[in-house]
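Peer 1: Okay, handing you the structure first.
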Amino acid sequence: MSQRILITGGAGFLGSHLCDRMIDAGNEVICLDNYFTGRRQNITHLLDHPNFELLRHDIIDPIKLEVDQIYNLACPASPIHYQHNAIKTMKTSVMGAINMLGLARRIKARILQASTSEVYGDPLMHPQKEGYWGHVNPIGIRSCYDEGKRCAETLFMDYKRQNGVDVRIMRIFNTYGPRMNADDGRVVSNFIVQALRGEEITIYGDGSQTRSFCYCDDNIEGMIRLMDGDHPGPINIGNPNEFTILELAEQVIELTGSSSKISHLPIPQDDPKQRQPDISLAKAELDWRPKTELREGLTSTISYFEKELSEK
Ligand code: NAD
Ligand code: UDP
């Protein structure tokens, strides 16, 4: 059945892929964004679609709309961007959550929060299960994002307990793919763009820190299953295949055929040493697991950036 869907952060990397999936499924989509890290270019192909509407709005301000479901994705996700204006990042997570939860409560809409593996901080439990409370610095340079997202999770659970709001919480682990910004600062886009430009590949630290990379299409499938299922979450959505950052750099160099050399820069403060999702709950509750191997996902992301960079 066709539904009216609000997607905050809809012009961003993940939001724009979600807009595509929702429109393809015959829904009406309101895409809301303040264009801090998002781009009209990500959704230009949808602008003339009769079921698609674009709103420039900042979620730290309240808004009145009539929808059936709200996907709350608005928030910069890359450390460079979320640290650029740390207070604004915290406001987006906390005031944005309050505004969107208030809206969901008034109009009786189901609402999903795009939370993050960052709620586990620099984890002492490996891999990370949803029951783990995390190891987070409350006063460091990543805290505006980590603690903002943790506070948003608290608000989601309190609106559920206190006001009966129908919430879903998704803990997203590092996700990559086409439509990331070339200057986004996250590791996959950085390495691919550096390799394609023949620039040095910048590894922070010795490259032994690990991440588990999930392709965007797999993420969106998990997001929709969580929204449409019965479990409120939190549920981890990520790819459990874990790689060191050095291994990622080597794969990108190989797949691009680049002559770029690796250089090492200082590791940023509080950079988590390891990260790998335990996805047993997603498998059991959503019958979800990622399908795209890193090689395959990197290959399609490289093709996207080749086109992007050639058009600049
Ligand atoms: P992104 O930066 O591409 O998208 C975020 C979007 O939100 C952008 O379009 C931006 O302009 C918009 N936005 C930011 N602040 C806003 C505000 N105050 N009001 C309205 N719009 C605002 O990042 P993404 O990777 O697509 O991430 C989407 C969501 O998923 C974010 O909430 C992020 O925290 C979460 N997440 C992503 C990842 C990942 O690896 N991609 C991992 C964990 C969590
Ligand atoms: N990283 C790196 N070089 C870069 C960008 C990132 O070595 O040009 C490292 C970063 O220090 C971290 C990992 O890659 O250990 C993932 O960084 P990203 O910013 O993509 O995400 P997050 O740290 O939030 O997982």
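Peer 1: Work from the charge dipole of the chain (Cβ charges, +1 for Lys and Arg, -1 for Asp and Glu, about the Cα centre) and give the residue of 310, 103, 19 farthest towards its positive end.
Peer 2: The one lying farthest along the dipole's positive direction is 103.
Peer 1: If you don't mind, another one. Which ³J(HN,Hα) values in Hz, rounded to whole numbers, follow from the phi angles of region 216-227 under the Karplus curve 6.51 cos²θ - 1.76 cosθ + 1.60, where θ = phi - 60° and Gly and Pro get x?
Peer 2: Listing the rounded values in order: 4, 4, 5, 4, 5, 4, x, 4, 5, 5, 5, 4 Hz.
Peer 1: Under unit Cβ charges (Lys, Arg +1; Asp, Glu -1), what dipole magnitude, rounded to 20 debye, does the chain have relative to its Cα centre?
Peer 2: Dipole magnitude for the chain comes out near 760 debye.
Peer 1: Top mean-square fluctuation among 255, 101, 14, Gaussian network model of the chain, C-alpha springs under 10 Å?
Peer 2: Result: 255 has the largest fluctuation of those listed.
Peer 1: Tell me, what is the percent relative contact order of the chain, built from C-alpha pairs under 8 Å that lie six or more residues apart? Don't skip to the end; give the middle numbers.
Peer 2: Numbers: 625 pairs, mean separation 53.0, N = 312.
With pairs under 8 Å counted, the relative contact order is 17 percent.
Peer 1: Which number do you get for Rg(Cα) / (2.2 N^0.38 Å) in region 1-51? Show your work: numbers first, answer last.
Peer 2: Details: Rg = 10.0 Å, N = 51, 2.2 N^0.38 = 9.8 Å.
Relative to the 2.2 N^0.38 Å estimate, region 1-51 comes out at 1.02.
Peer 1: Quick check on the exposure proxy: order 145, 215, 304 from fewest to most C-beta atoms within 10 angstrom.
Peer 2: Exposure proxy ranking, most exposed first: 304, 215, 145.
Peer 1: A follow-up question, please. May I ask you to sort 126, 17 by Cβ crowding, counting other Cβ atoms within 10 Å and putting the fewest first?
Peer 2: 126, 17
Peer 1: In terms of the ratio Rg/(2.2 N^0.38 Å) built on C-alpha atoms, what value belongs to region 194-246?
Peer 2: Working it through for region 194-246, the quotient is 1.61.
Peer 1: Can I ask one more? Give the dimensionless ratio obtained when the Cα radius of gyration of region 240-300 is divided by 2.2 N^0.38 Å.
Peer 2: Cα Rg divided by the expected 2.2 N^0.38 Å: 1.46.
Peer 1: Could I ask something else about it? Kirkwood Rh, region 267-312, all Cα pairs: how many Å? Please report the intermediate quantities before stating the final value.
Peer 2: Numbers: mean 1/r = 0.0710 Å⁻¹.
The Cα-based Kirkwood calculation yields 14.1 Å.
Peer 1: Mean projection of the alpha-carbon convex hull of region 159-289 over all orientations, in nm²?
Peer 2: Value for region 159-289: 9.4 nm².
Peer 1: Residue 172's amide H: which non-local residues (gap 5+, or another chain) put their own amide H closer than 5 Å, with H modeled 1.01 Å from N in plane and none for Pro or chain starts?
Peer 2: Those qualifying (amide H under 5 Å, at least 5 residues apart or on another chain) are 115, 116, 117, 237.
Peer 1: Give me the Kirkwood hydrodynamic radius of region 63-122 in Å, from all C-alpha pairs, to one decimal place?
Peer 2: For region 63-122, inverting the mean 1/r across all distinct Cα pairs yields 12.6 Å.
Peer 1: Got a sec? Charge dipole of the chain, +1 on Cβ for Lys and Arg, -1 for Asp and Glu; which of 139, 117, 269 is way out at the positive end?
Peer 2: Going by the charge dipole, the pick is 139.
Peer 1: Test of understanding: what is the full-extension gain from residue 206 to residue 44, defined as 0.36 nm times their sequence separation minus their Cα-Cα distance?
Peer 2: Going from the current span to full extension adds 54.3 nm.
Peer 1: Rg (Å, one decimal) plus Dmax (Å, integer) for the alpha carbons of region 124-219?
Peer 2: 17.0, 55
Peer 1: Sticking with this one: Please list the equivalent ellipsoid semi-axes of region 34-80, computed as the square roots of five times the alpha-carbon gyration tensor eigenvalues, in descending order and whole angstrom.
Peer 2: Details: eigenvalues 76, 58, 19 Å².
Value: 20, 17, 10 Å, ordered largest first.
Peer 1: On to the next question. Quote the convex hull volume per residue of region 1-112, based on C-alpha atoms, as a whole number of Å³. Don't skip to the answer; put the middle values down first.
Peer 2: Working: hull volume 9.8 nm³, N = 112.
That works out to 88 Å³ per residue.
Peer 1: Could you tell me what a quarter of the Cα convex hull surface of the chain works out to, in nm² with one decimal place?
Peer 2: 15.0
Peer 1: By count of other Cβ within 10 Å, fewest leading, how are 288, 133 ordered?
Peer 2: 133, 288
Peer 1: Tell me, what HN-Hα J-couplings in whole Hz come from the Karplus equation 6.51 cos²θ - 1.76 cosθ + 1.60 at θ = phi - 60° for each residue of region 133-147, using x for Gly and Pro?
Peer 2: 7, x, 9, 10, 6, x, 10, x, 6, 8, 5, 4, 7, 4, 6
No lab work stands behind these numbers, since they all come straight from the coordinates. Just so we're clear, the structure is a prediction, and the values are computed from it rather than from any experiment. As a convention, Cβ positions derive from the backbone with ideal geometry for all residues, glycine included, and neighbour counts pool all protein chains shown.
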